[in-house]
Amino acid sequence: MDCQNGVIRLIRDSDLIALEWDGEYIRYRRVYRDVYEQYRIGRTLPWVIDLPTAGIIGQLFVQLDGQNKSLADGYLRAYLFSFRVKPAYQKQGWGSALLEYVENYLRDKGFEWTTLKVSKSNDNARQFYEHRGYIVVGEDGGEWRYIDHLGAQQAVIDPSYRMEKWIGRKDGKNPLLR
């Protein structure tokens, strides 16, 4: 999708280094590779915003199916994660455009709900989601592990809010209304 001279598209193998944002997120190199491999087998959809003059300035990954079916069940509910826009491009509509694009794509594919987690310490992100129709439905300890670029296991503890949004149905009917 062409968006204000930027393109919203799925990632390519050649994008993986660019997701590290000049070393700021190098620690997630193996995570990005895993997301890409999961995309190749149909379990994730890793979207980026690509500007012709600046390269990748934003990303939003979608897990279509996972172990926790209340987050992503492969049919009606998808889980959004790793959503970020480079600071120099924030508050310019890029994040809103990417989120709206992904929600529309998921709706067209038959999904009805999106879920995500947002750090309790990130009020700006929580407000961003709330202004776009997401509601807090619970809390999460925010514990997860990953292998960093040096091969060391890392543990993250980031208490978060679980948020969700009903994005609609392909047929336009709202099952919540009679």
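A compact table of results
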read-out	value
Residue, nearest to GLY6 (Cα to Cα), within the stretch 82-107, restricted to residues that are hydrophobic (A, V, I, L, M, F, W, C) and crowded, with 19+ Cβ neighbours inside 10 Å	TRP94
Residues being under 26 Å from ASP22 (Cα atoms) and either surrounded by fewer than 18 Cβ atoms within 10 Å (Cβ to Cβ) or of a type in the set (Phe, Trp, Tyr) (or both) - total across the stretch 108-122	3
Matching residues, the stretch 31-67, being within 21 Å of ASP148 (Cβ to Cβ) and in contact with a Gly (Cβ under 8 Å, 6 or more places away or on another chain)	none
Total residues in the stretch 69-82, condition of a type outside the set (A, V, I, L, M, F, W, C), closer than 19 Å to GLY110 by Cα and part of a strand (DSSP E or B)	3
Strands (runs of 3 or more DSSP E) contained in the stretch 83-159 and holding at least 1 residues without any contact (Cβ under 8 Å) to a residue 24 or more places away in the chain	135-140, 143-147, 153-157
Number of the exception - ARG12 against (1) surrounded by fewer than 15 Cβ atoms within 10 Å (Cβ to Cβ); (2) over 30 Å from GLN153 (Cα atoms)	(2)
Matching residues in the stretch 2-29 - criterion: being touching a residue at least 24 places away in the same chain (Cβ under 8 Å) and under 17 Å from the mean Cα position of the chain (by Cα)	VAL7, ILE8, ARG9, LEU10, ILE11, ASP15, ALA18, LEU19, TRP21, TYR28, ARG29
ILE41, sole failed condition from (1) without any contact (Cβ under 8 Å) to a residue 60 or more places away in the chain; (2) in contact with a strand residue (DSSP E or B) (Cβ under 9 Å, 6 or more places away or on another chain)	(2)
Meets criteria (of a type in the set (Lys, Arg), within 17 Å of the chain's Cα centre (by Cα) and within 28 Å of ALA18 (Cα to Cα)) for LYS91	no
Qualifying positions in the stretch 65-76 - in contact (Cβ under 8 Å) with a residue 40 or more places away in the chain and either surrounded by 18 or more Cβ atoms within 10 Å (Cβ to Cβ) or touching a strand residue (DSSP E or B) at 6+ places or on another chain (Cβ under 7 Å) (or both)	LEU71, ALA72
In the stretch 66-97, the residues that are within 20 Å of ARG9 (Cα to Cα) and touching a Lys or Arg at 6+ places or on another chain (Cβ under 8 Å)	PHE81, SER96
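Where a number appears in this text, it was derived from the coordinates with a stated rule and is not lab data. Everything quoted here is computed from the prediction, not taken from an experiment. Note: ideal-geometry Cβ built from the backbone for every residue, glycine included; neighbour counts use all protein chains shown.
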